[in-house]
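Here is the structure we will look at.
FYI, it's all coordinate maths here, none of it is from the lab. Since the model is a prediction, treat every value here as computed from it, not as a measurement. Here the Cβ is made from the backbone with ideal geometry for all residues, glycine too, and neighbour counts use every protein chain on show.
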Amino acid sequence: MMTADPRRWWALGALAVALLAFGLDVTILNVALPTLATDLHASTTQLQWFSNAYTLVLAAGLLPAGLLGDRFGQKRLLLGALALFGLASLACAYADSAAQLIAARAVLGLGAALLVPLSMSLLTVLFSPAERGRAIAVWSTAMAVGIPLGPVLGGWLLDHYWWGSVFLINVPLVAIGILALALLLPATPGKRGPRFDLPGTLLSSTGLVALTYGLVEAGERGWGSAAALAPIAAGVVLLGAFVGWLRRAARPLVDLGLFASPGFAWGSVLATIASFGMMGAMFLLPQYFQAVGGTDALGTGLRLLPIVGGLLVGVQIVQKFTLKLGAKVNVAFGFALIAAGLALGAATDVADGYGFTAIWASLIGLGLGWAMPLAMDVAMGALRTGHSGVGSALLQALRQVGGTLGVAILGTVLNAAYRDGVDVTGLPAPAADAVRDSAAAGARVAGTTHTPGLLDSVRGAFVDGMGAALWVCAGFAVVGVLLAVAFLPRVAEDRSESEHVSVAG
């Protein structure tokens with residue numbers, strides 16, 4: 001543990017700059033999709049694969065990336081990951097065809113798969129247990145800030161430059177990160193250990209890819225679609241086989257003994273539920289602002305800022321209560337704030353202004369900042385030196401699946417309620433199908449046909465669907481409260497051990 005190195009906080013700041021590029025990339029692509037459809041002559045399927053290629057490679061690469069970091073050291077691989085992310089961003093910016101962009105997005109996903117677990121595992125290597133919670137808060141905030149800034153920055157760039165600029169913006173951030181980390185990050189030697197667990201890597205990667213792809217398809221096509229059910233079933237089978245392999249492998253990719261630690265097991269579960277809520281809110285709110293409020297991408301991004309503002313406040317305030325009240329109470333309270341914000345959002349009416357939305361969105365952000373970094377800190381406290389990479393990767397894989405599952409479930413609830421509530425009486429069949437497809441399409445049809453009554457129906461049906469989805473999300477947050485109270489340790493495992501040693505000394 002390199003707690004004496006005075007450069008560690010500066011290195012974390014440099015890492016935060018680099019991670020901002022990761023957060024931006026999560027949402028900035030969505031702003032450019034209409035332009036890409038025209039300029040690259042991309043089909044609807046290709047537009048979907050601009051996102052899916054990134055997501056699936058990210059899911060496949062997380063666990064192997066963590067293992068490589070443990071074996072060869074985080075610093076050199078992290079610098080390589082940033083270089084790969086920057087080069088892939090350049091390739092995205094200057095792609096001449098949809099196929100080239102899909103390939104470049106896949107490489108970008110590989111860079112992200114290395115970047116996320118390696119950067120998180122560094123927090124355990126660089127910081128003492130007492131400092132790690134604060135470091136995780138900085139790490140989490142750096143990635144979260146980019147999510148609402150993506151539409152803001154993307155909208156501005158598209159108004160002034162060509163579509164490639166939304167990818168090119170990553171390059172200066174990555175360059176700054178590489179230069180600063182090369183100078184500031186202490187050497188992190190790896191642990192030369194056993195041979196690479198190829199069967200475990202193949203089973204985990206293919207299982208996560210299949211499950212993630214199935215969940216994405218379920219969100220788009222519905223849970224009854226064979227295109228969703230088949231990959232979900234395959235993913236579950238492959239991940240089951242992965243667990244079976246881990247039980248009998250001499251040198252497994254992941255040590256299942258990690259889950260014997262209440263801190264890692266329940267910290268990971270709660271961080272996953274928090275990711276479910278965060279991605280769910282980030283999925284619902286942009287659609288609400290655009291379909292009901294009629295905002296553009298720039299306006300949507302600006303209206304998402306209260307979530308980040310709440311998160312920033314939450315991670316600062318919770319630090320003052322952590323030592324006094326412990327993780328159990330604080331994480332439970334954070335989930336209670338999330339549940340309250342979601343329940344308040346579920347009461348939204350079409351006539352409500354943005355001020356009301358800003359209140360409940362801020363409350364959700366406050367709860368996320370209060371609960372999520374602390375839950376991750378407890379999980380990370382169970383990791384031992386030489387295994388922080390794989391442990392961090394496993395935590396991130398769970399969070400990735402949780403976020404994807406949240407979008408799939410809430411999207412299904414939203415679409416079902418919206419389709420049941422929207423009135424398409426008197427519309428021609430093609431127009432009626434378009435209206436039922438999404439609220440955004442319904443608003444366009446209402447504008448084209450100059451039918452205010454249809455627009456009112458679309459907005460009302462969407463708000464009802466959003467309310468139903470938010471209630472489901474609030475239910476998960478309540479489960480988070482109960483799990484935290486029942487099972488989460490008061491403090492991280494390594495902090496408890498250090499306090500015990502200090503008292504004994």
query = Using 7 Å Cα-to-Cβ label points, what is the Asp96/Leu198 separation (nm, one decimal)?
reply = 3.8
ask   = For segment 258-505, with the dipole built from +1 on Lys and Arg beta-carbon atoms and -1 on Asp and Glu ones, taken about the Cα centre, which of Gly299, Ala439, Gln396 lies farthest toward the positive end?
value = Gln396
ask   = Between Arg247 and Thr38, what is the label-to-label distance in nm when each label sits 7 Å out along the Cα-to-Cβ direction?
value = 5.7
note = Rounded to the nearest Å, the spacing of the alpha-carbon centers of segment 267-331 and segment 204-252 is 28
inquiry  = With +1 on the Cβ of every Lys and Arg and -1 on the Cβ of every Asp and Glu, and nothing else charged, how large is the dipole of the chain about its Cα centre, in debye rounded to the nearest 20?
reply    = 1600
request  = Could I get the Rg over Rh figure for segment 1-194? Both from C-alpha atoms, Rh via Kirkwood, rounded to two places.
outcome  = 1.00
key: Sequence of Ile176, Ile28 once ranked by neighbouring C-beta atoms within 10 Å, starting from the fewest   = Ile176, Ile28
task = Provide the FRET efficiency to the nearest 0.05 for the Arg490-Val237 pair, computing r from the beta carbons and using R0 = 51 Å.
result = 0.85
ask   = Over segment 198-252, what relative contact order in percent results from Cα pairs under 8 Å that are six or more residues apart?
value = 41
key: Förster radius 22 Å - calculated FRET efficiency between Phe356 and Thr451, Cβ distance, rounded to 0.05   = 0.20
remark   = Of the candidates Phe72, Gly61, Trp156, the farthest towards the positive dipole end of segment 61-164 (Lys/Arg Cβ +1, Asp/Glu Cβ -1, centred on the Cα centre) is Phe72
key: Relative contact order, percent, segment 258-505 [alpha-carbon distance under 8 Å, six or more residues apart]   = 36
remark   = Full extension between Trp223 and Asp423 adds, at 0.36 nm per residue less the Cα distance, a length in nm of 69.6 nm
ask   = For Lys324 and Leu179 in one chain, what is 0.36 nm times their gap in residues minus the Cα-Cα distance, to one decimal in nm?
value = 48.3 nm
remark   = Relative contact order as a percentage, the chain, C-alpha pairs under 8 Å and 6+ apart, gives 21
query = Taking 0.36 nm per intervening residue step and subtracting the Cα-Cα distance, what contour gain separates Val313 from Trp10 on full extension?
reply = 106.9 nm
Ranked Thr272, Thr357, criterion: other C-beta atoms within 10 Å, fewest first = Thr357, Thr272
ask   = Just from its helices, what would the mean residue ellipticity at 222 nm be for the chain, if runs of 4 or more DSSP H residues each count -39500 (n - 2.57) and the sum is divided by every residue, rounded to the nearest 500 deg cm²/dmol?
value = -29000 deg cm²/dmol
